[in-house]
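Worksheet: the structure to be examined is printed underneath.
The values are calculated or read from the model by the stated rules, or taken from the named source; none is laboratory data. None of the values given here were measured: they were computed from a predicted structure. A quick note on method: Cβ atoms are made from the backbone with ideal geometry, for glycine too, and the neighbour counts reach across all protein chains shown. Areas reflect the complete protein model, heavy atoms only, side chains present, ligands, DNA and RNA absent. Shrake-Rupley method; radii C 1.70, N 1.55, O 1.52, S 1.80 Å.
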Amino acid sequence: MTEITFNNFEDLKSEIRRLCVDGTPKTPLKLCGIKLTSNSEEIEIMDTSLEFFINRYHGVNYYNLEFLGLEKTTSSFNEIQKLLSDNKIRNKQDWDTYPSIYLLHDESDGFFGKIQISDKDCLKINFSQYNDKLMTVLEILLKKYCANNKHKTTLAEHVLNIIAKDQIDIYEETDCKYEEGFWDIALSNNCGFTYFYDKPKENHYLNFRGFYLGNNSNDFMEKIKDIFGGDLEVKLKSSTRLGSDVADEICINFKGEDNIFESQDDFKINFKSTDFFAIVSRDEQKLIDNPKIKQFIEHLLKLQKIKLGIPESPPTMQGIGFAIGLINEFAFPVDILKEQIQSILINLGHQTDNIQLLDMDNITSIDSSKVNIISNISSTDDIESVGNKTDNKAMFIACGLEHDLASVSKQKIVKEFKTRIQRDTNNPKEFDYRNIGQNLATNEKLKKLRENINKCYHQADFFLTYESDKNSKLSKYKMKQQLKRFFNLLHGFPFATPTKDEYAMHMAFSSALRSSDLSRQVGAIITTSNGDILATGANDIPKSGGGLYRSHLNEENGSIYDDALGRDYMRGFDSNAIEKNLLIDNIYDALEDYVDVSKVEAIKLAIANSKLKDITEYGRVVHAEMDALMACARGHVSSDGAILYCTTFPCHNCAKHIIAAGIKRVVYIEPYAKSKALPFHFDSVVDEESNPIEELIKSKLPTQLQKKVSFESFVGVGPHLFRQLFKMRDGSRKDKNGLIKSWKPQLIDL
């Protein structure tokens, strides 16, 4: 397919009309330099891509115009509907084929097309026959969503080419939005380039953020001399202290044949500190034409490679084998994930032909001499099977979505609930709203799959999530950065240290090891927002005087012992299990006159397998979260605004105390199916993202809801590999002269 470029809107309209008439299956359309008028102001549409294609449904051709690469989050239905209404285009939302907006002629004439926000990153105009009104709609959307996508300046293209040559990822979607006189290219949160044009001074500024070159202006000048060579003269024009409001000006006078600057005022460098400085020039093109500037940028990027986790000339790692198992939820974009992992491994020195992309559903054998990336692991049996089929280390990545179920399931529930709201003038039924979290899991097959995944999810070595706006470029970027950091650590990157979440979760797992509970070991940590530990907790039996039973050291004979009849194992039984059995017997006794005596055991088994099995009411154990909260109370430490890390999702009893204690954020790893925290406390708790139903009925809720407690699944290096990945290896960080070593990837011994 050949891309067709347009710089005139009328030509674009004519081509779309022709494509409809000819029945052309698919054609990419490029808009470059189209000028439109909006509010008496001329808008130029640059570098915008559309795709025309036809699909056939029930014998009818449907034509589509798709905006490519347009972020879904900027294209909400309400925003589009208001935009259309303001331009006198009648419309209404269509909930039968959610998600779409009907474009109406009038009530009697029906609709002439519709707008859809599909699962791709795009807006799509869909119609069954050509209509000039469609071009009006297209023009409206172009003005709104593409007006700020200005043509990249030549300098931006130049810098981007240098970045691409050095194989450095660009951070964030906003980096590609260019406006007149300004653009920004971020390489990380605090490192990147910014350009702006100062019209009064007629100066072009190329700013460098987060690039470190020295401790003072003298170091800075010497470094510039090293970079640019001997064919220049460097002078410090002003003498102000580093970091002052008035920037130092270092004037550079180029010598030799390649000098294209006529005077010192044409080119200089300003800086307030050596990690924020700017090249200043009277001529933007001269910043591109001077080869020394390119060398300067390339040198700076080379210095940032360690900071950005990019290896220096990675060695070839042919024949090195290991297995990466992906414990992914059913709606996770696993193909994108495998492609990203493959790309990262290649950049680390692994050979393409040594990487196998496999699927657990049809796997037969694993070649231990290769890197095997295995998706769709969904049970503990799968984990064991992968381990048995490879002679090397098998590591596992837990791949969770930001929400519980696939967006399709959510959309279905939202659609049905929206219809119910529209038909009912009263407030929504409280029962329906309270149980909406349970209603999402309507598919029994998917529900069973999720239960199996939950049982093995916590066994992973690394945890990552994919955001609900699954197709945005930023979501994909974030996932790749999470993966890159993990695989860099696996290959010996010496400068990565744990995040606050990783450290706290490691401590929570360590705390769990104190537990002697008969069912499971759970640990909890409460920290400040800065990550300082306030309290620890584990699930165990309470002891008079405060706290829980702990093992003791007999200082006379060196033995380790537990208090008699304290912990459950010392008593020989689980009180919760005993009480549930007594309760089952009690229920049967009450029904004995009404049931067949020959079916006693079957009836008792049926009662035992009911929701009665989920009761935890009669256990003697204090849960880990409550132990941590009680530790705060005993120590007179406030938990208000604190963060709680727990190895398992809190039960509903702990959840209500967590809310009351003022905890603002809860981070967990292992799901807990018995917990009713979310349906019981939807008014105070949010799991990853806002309840979609609540967003719909927000205006009908009787009172304004307060900021909720955030329950979030853990992201980062899991406790199982924590020590191996973060411990410093001898001689890995500096040489004998104290200088930072370059990093050469090599798979660490696990």
**Filtered residues of region 546-601 (kept if out of contact with any Asp or Glu (no Cβ under 9 Å at 6 or more places or on another chain) and in contact (Cβ under 8 Å) with a residue 60 or more places away in the chain)** = GLY546
**Members of region 274-319 that are under 30 Å from ASP367 (Cα atoms) and either free of Cβ contacts under 8 Å to residues at least 12 places away in the same chain or open to solvent by less than 70 Å² (accessible area, probe 1.4 Å) (or both)** = GLY309, ILE310, PRO311, GLU312, PRO314, PRO315, MET317, GLY319
**Prompt:** Right, MET626: in a helix (DSSP H, G or I), within 13 Å of ILE541 (Cβ to Cβ), among the aliphatic types (A, V, I, L, M) and in contact with an Asp or Glu (Cβ under 9 Å, 6 or more places away or on another chain) or not?
**Reply:** no
**Item:** The lone exception for PHE111 - which of (1) modelled with pLDDT of 85 or more; (2) not in a loop (DSSP other than H, G, I, E, B) it fails
**Value:** (1)
**Asked** With respect to GLY619, is the statement that it is in a loop (DSSP other than H, G, I, E, B), surrounded by 13 or more Cβ atoms within 10 Å (Cβ to Cβ) and free of Cβ contacts under 8 Å to residues at least 60 places away in the same chain true?
**Response** yes
**Asked** Do we find that LEU31 is closer than 19 Å to ASN131 by Cβ and either basic (Lys, Arg) or open to solvent by less than 70 Å² (accessible area, probe 1.4 Å) (or both) in this structure?
**Response** no
**Asked** Mind checking which residues of region 541-551 are more than 17 Å from CYS632 (Cα to Cα) and open to solvent by less than 50 Å² (accessible area, probe 1.4 Å)?
**Response** ILE541, TYR549
**Prompt:** What are the residues in region 34-49 that are within 20 Å of ASP132 (Cα to Cα) and in contact with a Ser or Thr (Cβ under 9 Å, 6 or more places away or on another chain), if any?
**Reply:** ILE34
**Asked** Looking at region 2-14, which of the residues that are open to solvent by 30 Å² or more (accessible area, probe 1.4 Å) and within 21 Å of LEU123 (Cβ to Cβ) is nearest to the chain's Cα centre (by Cα)?
**Response** GLU3
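Taking the criterion of being in a loop (DSSP other than H, G, I, E, B), open to solvent by less than 50 Å² (accessible area, probe 1.4 Å), free of Cβ contacts under 8 Å to residues at least 60 places away in the same chain and on the phi < 0 side of the Ramachandran plot, would at least one residue in region 320-334 satisfy it?
The initial filter retains those residues of region 320-334 that are in a loop (DSSP other than H, G, I, E, B), namely 320-321, 329-333.
If we keep only those that are open to solvent by less than 50 Å² (accessible area, probe 1.4 Å) too, we end up with 321, 329, 331-333.
Next, from what is left, pick out any that are free of Cβ contacts under 8 Å to residues at least 60 places away in the same chain: none.
Looking for residues that are in a loop (DSSP other than H, G, I, E, B), open to solvent by less than 50 Å² (accessible area, probe 1.4 Å), free of Cβ contacts under 8 Å to residues at least 60 places away in the same chain and on the phi < 0 side of the Ramachandran plot, one finds none in region 320-334, hence no.
Listed here are the residues, each with its yes/no results for (1) at pLDDT below 85; (2) part of a loop (DSSP other than H, G, I, E, B); (3) open to solvent by less than 30 Å² (accessible area, probe 1.4 Å).
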| residue | (1), (2), (3) |
| --- | --- |
| ASN557 | no, yes, no |
| ALA606 | yes, no, no |
| ASP640 | no, yes, no |
| LEU644 | no, no, yes |
| LYS656 | no, no, no |
| ILE659 | no, no, no |
| VAL666 | no, no, yes |
**Fill in**
In region 713-742, residues that are assigned to a loop (DSSP other than H, G, I, E, B), among the hydroxyl-bearing types (Ser, Thr, Tyr) and closer than 30 Å to VAL685 by Cβ total 0
**Asked** Are any residues in region 510-540 buried (at least 22 other Cβ atoms within 10 Å of the Cβ) and among the hydrophobic types (A, V, I, L, M, F, W, C), and if so, which ones?
**Response** ALA512, VAL522, ALA524, ILE525, ILE526, ALA535, ALA538
